[in-house]
Structure formats: structure tokens, C-alpha cells
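Data block below; observations after.
Bear in mind these aren't lab numbers, they're just calculated from the coordinates by the rules spelled out. Please read all numbers here as calculations on a predicted model, not as lab measurements. With ideal geometry, Cβ positions are generated from the backbone for all residues, glycine too; neighbour counts draw on all protein chains shown.
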Amino acid sequence: MSIPQSGGGPIERHEQLVEYLADGCKPKDQWRIGTEHEKFGYCKDTLLPLPYEGPRSIRVMLEGLRDRHNWAPVKEGDYLIGLEKDGANISLEPGGQLELSGAPVETIHETCDEVNTHLREVREVADEIGVGFIGLGAAPEWTHEQMDLMPKGRYRLMNDYMGRVGTMGRVMMRRTCTVQVNLDFGSEADMIKKMRVAIALQPVATALFANSPFFEGKPNGYKSLRSKVWRELDASRTGTLPFVFDDDFGFERWVEYALDVPMYFVYRDGKYIDALGQSFRDFMKGKLPALPGETPTLSDWADHLTTAFPEARMKKFIEMRGADGGPWRRLCALPAFWVGLTYDQDALDGAWDLVKDWTPAQHDALRVAASVDGLQAKVTGINMHDIARETVALSEQGLKARARPGAGGMVPDETHFLNALKESVETGKVPADELLEDYHGSWGGDMKRVYAEYSY
């Protein structure tokens, strides 16, 4: 979940909302890559999730990272709720999932080095207190009651609201993890094509990265339960957004969409003010019940944009949100997949040619089928395995064209970060398939084997 935004002055004109998004346009040589990933922590002896407080806890993990590796603390009231350093931050998801939001970097080599460093630092602290971390899209065994709600005002408000809308909001908050990448755009036209490709191909990412076949101690019937959870969260702020494919889509249409997303909160003086279900349009008029007579700032607008949860989300950059959290190789493969598809014009054009004739019904059906069947999904003439093969090949083409070397020039480009995905395309198996094979095979139905074999 996003941290509070800052630095925005008063909103005096509707056009400022559009200008805020348009200010994200950057020349290609300034495009960057920001990778985020979440992971579950647990006590190695009990295999129970980490509470916020206690000798083996989220707080102790944050303190250890702060003291041992020179991260600066981020506090909310008296609570340590995050860390920051060199453009990156470590934050907490509602159930204590530990998230790294990486600094904006130029290459996949750099983002993968950042992931490696972070996981090494986490393990150093975790090993000292008998804690492990695991990369899965959904908690394999734990119940809602076993997972503490982290002490953040935003989460207390969301927890209440999620109980009134949809059916899976509280499951999303405590018991899911994702990996995502944030990418730049050069112009409104570039944003439009990237958003269309992003929305259309998120089901492919869901299928390739599907890694949540277990829930509450048994197989759940889905390759990506996390994807199902997001579908049943809150229809007013999730989905495949058919308007993105309309002729008039652009920054203005995104603003109109975001204005119709019900509010969660307003952040003032270090506190979250309850604005659940209220209207940002009313806020613009000074008629917000939570703050009567007050009008919003651009910081409020930036905060509000973080409360929409579609499959791809626009702020001053585009967030690719369709993948389950997973093992190390896929934490690097996810940014490689999307950078290859979107940061090379030929690859982006090729991706658009693949999806431009798909209908809204096909977009929705693919999203469902990907969560159930992974690469075996089929929807009205669209074979997921075939589309995955074509998109991975396009991504590889794009990464070759970028030709960004690593390892001091010893590695000519970023294509090797796609190896895990190329293996999935070749075998037809994604992480969920491997987990299920283990569970029904060598594990003999013993779910607890997942911790030893799949932790970082």
C-alpha cells in the first residue's frame, strides 16, 4: 500500500488534476524502472505469521533493518511502520507483509541487484530471531484472525470499509502478496498505448506468475487465488476498465474515472480522517462531509489515486498489478517482462497488434480464466499458452533492442531475466503447477513442507 503523498499545493482548477498526471511525461532517456514486491514473514518454530509486536515480530524486523543497514525510520504516531533509504522504502501491508518499493533505476540489472541486497539484509535480521520469509501470492494456511492488522490509520479505515463492500477485501489486505513494476510514459499517446497493452495483457502476467494455489491449508481450485480475491474486492475501484480502449481515452478520462472512485480518507497532520464512501467531486466543491468548507490539495489527489485498484493503475507512471508474489527469479522476471514489452517501440506495437481486436468480454473472461487455469486457460479463440509464448518472445525482442549491459559489460543485455518465463512457456508449468505437483506428490499432502522448500 502506498505511503502518504506530500508536496502538493491547493487545487483551484479541475485542469490541475489532469496536469498532475501529464507531468509524468518524460523523454525516453529518463524512463526508469521501479519494482515492488511483498512477502510473508513467519516464526520458524510455530510456522505462524509475525505479529506487529513481540520478540519475533514485524517491529523487531524493522528495527533490525534500521540499525544494521542504516535505513531511516518512518513512523506513524509512536509506531515504526516503515523505512526509507536512497529513494527506496520498506513498508507494511495490512497483514504485516513486508514490502520493498525499490528506487527508480535504469536497468533490470540494477533492480535485481536491489532485490538481492534487500533479501540478504532481511535474511540476516530474520535468521537472528528465528524468522523466515516466503514469496507466495496468498497465505498458505493462516486464517484472518491469526494475522495482525498493522497499526496504520489507513488500514483501520480500510478494514472497516472492506467489511461493507465486496466479499474479499479483508482477505486481500491480510492474506495476499504481489510483485509489480512501475513504468514511465513519454506522452499522452504513449501512455494510452501502454495502458491498453497493460490492461489487455495483465491476465498473461497473472497466468505466468500464478503462485497462490493454497489457502487455509489446502488447494483452493485456483492457480492464482490472489487474482480471484482482487476480482471480488470492490467493483467501484477494481477491474479491467473498458473505457481505456475507447477513442477518447486519455488523462482526462482517467481523472473522471478516479473522481468516481469513492474516497477512503484525507491525510492531515499525521492522521487519517475518515472519508469512507465520500466523493472527491464534493471535496473539490468544499462540500466533503469529513472536512466541510475545505478543498483538496494535490497531495490529497495523489493519495486518492492510490485508492483505485484496477489491473493497471495510472499515477505519474503506470503500475503493472497482475502478478502474484513469488520466488526470487520471478521478482526479477516481472519487471523484465513489462520493460521488454513497453520500453521498445517495436515490441509495444507488436503487443498492441496481438490484443487490439479483443473485446471487453474477452478481457474479463481472460482475467477469470487466468486465475483458474494459468497457462491452460482458453477463452473464445484465445489460447493463453500461445499468447504467453508470443508476449515473452516480444519482451525478449524488446530487451535485446534495449541492449542494456550488466556485470561490467560481461552480460550484453537483460534477456536472461526472462529465463524463468521461457521455461514456463516451454513446459506449460507456472509456480502454482509446481506447488500442486509437490503437494500431491513428494509432500504427501503435507502443506507445511512449503515453508522449508519455498522460503527465501
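Multiplying the residue separation of GLN146 and ASP78 by 0.36 nm and subtracting their alpha-carbon distance yields 22.1 nm. Residue ranges 308-319, 286-297 sort as 308-319, 286-297 when ordered by packing (mean number of other C-beta atoms within 10 Å per residue, highest first). Among the trypsin sites (Lys or Arg not before Pro) in the stretch 404-456, those placed in a DSSP loop whose Cβ has at most 15 other Cβ atoms within 10 Å are LYS448. With the convex hull of its Cα atoms as the shape, the stretch 87-243 has an orientation-averaged projected area of 11.4 nm². Across the stretch 267-390, C-alpha contacts under 8 Å between residues 6 or more apart give a mean separation that, scaled by the residue count, equals a relative contact order of 8 percent.
Amide H to amide H, with H built 1.01 Å from N, GLY406 comes under 5 Å of VAL411, ASP413, counting only residues 5 or more places away or on other chains. Annotation for the stretch 73-90 versus the stretch 248-264: alpha-carbon center distance of 30 Å.
The modelled label-to-label distance between ARG164 and GLU53, using points 7 Å beyond Cα along the C-beta direction, is 2.9 nm. Helical content alone sets the calculated 222 nm signal of the chain at -13000 deg cm²/dmol, taking -39,500 (n - 2.57) per DSSP H segment of four or more residues and averaging over every residue.
Relative contact order for the chain using alpha-carbon pairs under 8 Å, separation at least 6, rounded to a whole percent? Here the relative contact order equals 20 percent.
Which GluC sites (Glu not before Pro) in the stretch 25-98 pass both tests, a DSSP loop state and at most 13 other beta-carbon atoms within 10 Å? Sites meeting the loop and neighbour criteria: GLU53. Of the Cα atoms belonging to the stretch 39-97, the radius of gyration and Dmax stand at 11.5, 35 Å. So what's the stretch 297-336 giving for Rg/Rh, alpha carbon basis, Kirkwood Rh from the mean inverse pair distance? Reported Rg/Rh, Kirkwood definition of Rh: 1.11. Principal axis extents of the Cα atoms in the stretch 131-219, from largest to smallest and rounded to whole angstrom, are 46, 31, 29.
Working value for the stretch 288-377: equivalent-ellipsoid semi-axes of 32, 17, 16 Å, each the square root of 5 times a Cα gyration tensor eigenvalue, largest first. Counting only residues at least eight positions apart within a chain, or on another chain, the lysines with an alpha carbon under 17 Å from that of LYS44 are LYS448.
Within the shell defined by Cβ-Cβ distances under 11 Å, the residues around ALA72 carry a net charge of +1, with Lys and Arg each +1 and Asp and Glu each -1. Counting every Cα pair in the stretch 293-444, what percent are over 27 Å apart? Within the stretch 293-444, distances greater than 27 Å cover 34 percent of Cα pairs. Taking every Cα-Cα distance in the stretch 91-182 and sorting them into 10 Å bins from zero, the calculated P(r) comes out as 14, 39, 33, 14, 1 percent.
Normalised by 2.2 N^0.38 Å, where N is the number of residues, the C-alpha radius of gyration of the chain stands at 0.93. Kirkwood hydrodynamic radius computed over the stretch 154-279 comes to 16.8 Å, based on all pairs of distinct alpha carbons. Among the GluC sites (Glu not before Pro) in the stretch 93-153, those located in a DSSP loop and surrounded by at most 16 other Cβ atoms within 10 Å of their own Cβ are GLU106. Of the cross-linked pairs LYS85/LYS287; LYS218/LYS378; LYS26/LYS193; LYS228/LYS429, those separated by over 27 Å at the C-alpha level are LYS85/LYS287. Summary value for the stretch 390-446: 22 percent relative contact order, contacts being C-alpha pairs under 8 angstrom separated by 6+ residues. Here, the stretch 19-134 is characterised by an Rg to Rh ratio of 1.04, where Rg is the alpha-carbon radius of gyration and Rh the Kirkwood radius.
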